[in-house]
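See structure below.
The values are calculated or read from the model by the stated rules, or taken from the named source; none is laboratory data. Please read all numbers here as calculations on a predicted model, not as lab measurements. Note: ideal-geometry Cβ built from the backbone for every residue, glycine included; neighbour counts use all protein chains shown. These area figures cover heavy atoms from the full protein model, side chains too; ligands, DNA and RNA do not enter into them. Shrake-Rupley method; radii C 1.70, N 1.55, O 1.52, S 1.80 Å.
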Amino acid sequence: MLKAVILIGGPQKGTRFRPLSFEVPKPLFPVAGVPMLQHHIEACSKVPNLKEILLIGFYQPNEALSRFLVTAQQEFKVAIRYLQEFSALGTGGGIYHFRDQILSGGPHAFFVMNADVCSEFPLLQMLDFQKAHEETHRYIMLGTTANRKQSLNYGCIVAKVDSQEVLHYVEKPSTFISDIINCGIYLFSPSIFQHIAEVFQRNQQELQLEENSSWQRTEVIRLEQDVFTALAGRGQLYVYKTDGFWSQIKSAGSAIYASRLYLNQYHTTHPERLSLTENSGPTILGNVYIHPTAKVDPSAVLGPNVSVGMGVVVGAGVRIRESIILHGAVLQDHSCVLNTIVGWDSSIGRWARVEGTPSDPNPNDPYAKMDSETLFREGKLTPSITILGCNVSIPAEVVILNSIVLPHKELSRSFKNQIIL
């Protein structure tokens, strides 16, 4: 029997995802037409004998999350539960805190995944890799190749060429160590908890030596820095390298990139989700997802890489490219939306142009990843995807360029390179 744990984090993170994370917990943000988490859950549901998926995070239980869990359980026929941490415990602290729940029913192994990654999720291949070396391969991390410069932003893995045993692991090193990076997807046998317990006990001992420390700090354990660094070189941690797509979803720009990767995958997994140009419908270029309840004028042109949410209205002559349009938004006639996320219930006036700058990885470098851009560089807003928060109203005939507009704003003029509070 197998289980899966998805680490969904909580409200204080996802600051790079504002203002979108104000409206919905980031793991429920729609990527390629479905909540980010649903891609993980669907991958888990295809693993034979996987009996339960546990979500661990410190979001207050809320209606959106509960509703999502109920529909996902029905759709994927797998038990899903949410376990709420009392505070942020780190990637290892959360699973250690809920170890009894994870181990109940006696799973022989369990997956752990971060919610903010998009991937082909080669879970079956990871299982085969573990089965082929049952004696030794107790802990497996998914790795992928990055380019040298970008590898410094990730956990770097040095492994033996023949056996893929991890000899050395460094989280975000200051100099180049390896171009194999950690994807944030793991397969563990239950004995991993002994190693996490060692860290917990070490934290406790260190705290006893300090006078005024908080007890909570003993429970904060990071899988990457505290556990993997120690396990590397001890013959127990292995890396399974994937050539499939993988990206982090940290910023709004990376959500649009993840959407592109998933839409592309739909050709094999969900062709029914991809829209096609039909005689009476809009012109579709490349991969486009349109929710069945959206109303799109036949003279509109959409794509590539567009996803249109529930109840969206797209007027005559509208052009949308490389964008996510969230539910209830209205794009009036002849407006143009490029490299933008349009928030829930926002409206864009006639002949208005809303445009961002893509922050895509270099297409000529097969190993390039998303750069985690800072919002500002030299005091200026870095040009990136334009984001309209929920319920933003853009008047007719204005241009909004490279800007972030907070929720519930009515703009009266054009803006460029600004955060509009």
Inset, instruction - Considering every residue within the stretch 255-267, establish whether at least one is surrounded by 17 or more Cβ atoms within 10 Å (Cβ to Cβ) and part of a loop (DSSP other than H, G, I, E, B). - result: no
Legend entry - Sole exception among (1) farther than 26 Å from VAL47 by Cβ; (2) open to solvent by 60 Å² or more (accessible area, probe 1.4 Å); (3) not hydrophobic (A, V, I, L, M, F, W, C) for ASP226, by number: (2)
Inset, instruction - Scan the stretch 102-120 and report the pairs whose first residue is open to solvent by 30 Å² or more (accessible area, probe 1.4 Å) and whose second residue is aromatic (Phe, Trp, Tyr), with Cβ atoms within less than 8 Å and a gap of 6+ or a chain change. - result: LEU103/PHE193; GLU120/PHE245; GLU120/TRP246
Inset, instruction - Identify, from the list LYS51, LYS26, the residue that is open to solvent by less than 40 Å² (accessible area, probe 1.4 Å) and among the basic types (Lys, Arg). - result: LYS26
Legend entry - Matching residues, the stretch 181-196, being in contact (Cβ under 8 Å) with a residue 40 or more places away in the chain and open to solvent by 20 Å² or more (accessible area, probe 1.4 Å): PRO190, SER191
Inset, instruction - Sort out which residues of the stretch 138-162 are farther than 21 Å from PHE110 by Cα and open to solvent by 40 Å² or more (accessible area, probe 1.4 Å), and write them in order of number. - result: ARG148, LYS149, LEU152, ASN153, VAL158, LYS160, VAL161, ASP162
Inset, instruction - Can you give me the ranges of the strands (runs of 3 or more DSSP E) entirely in the stretch 332-421 with at least 3 residues that are among the aromatic types (Phe, Trp, Tyr), touching a residue at least 24 places away in the same chain (Cβ under 8 Å) and in contact with a Pro (Cβ under 8 Å, 6 or more places away or on another chain)? - result: none
Legend entry - Residue in the stretch 400-421 that is modelled with the lowest pLDDT, counting only those that are exposed (fewer than 15 other Cβ atoms within 10 Å of the Cβ) and among the hydrophobic types (A, V, I, L, M, F, W, C): LEU421
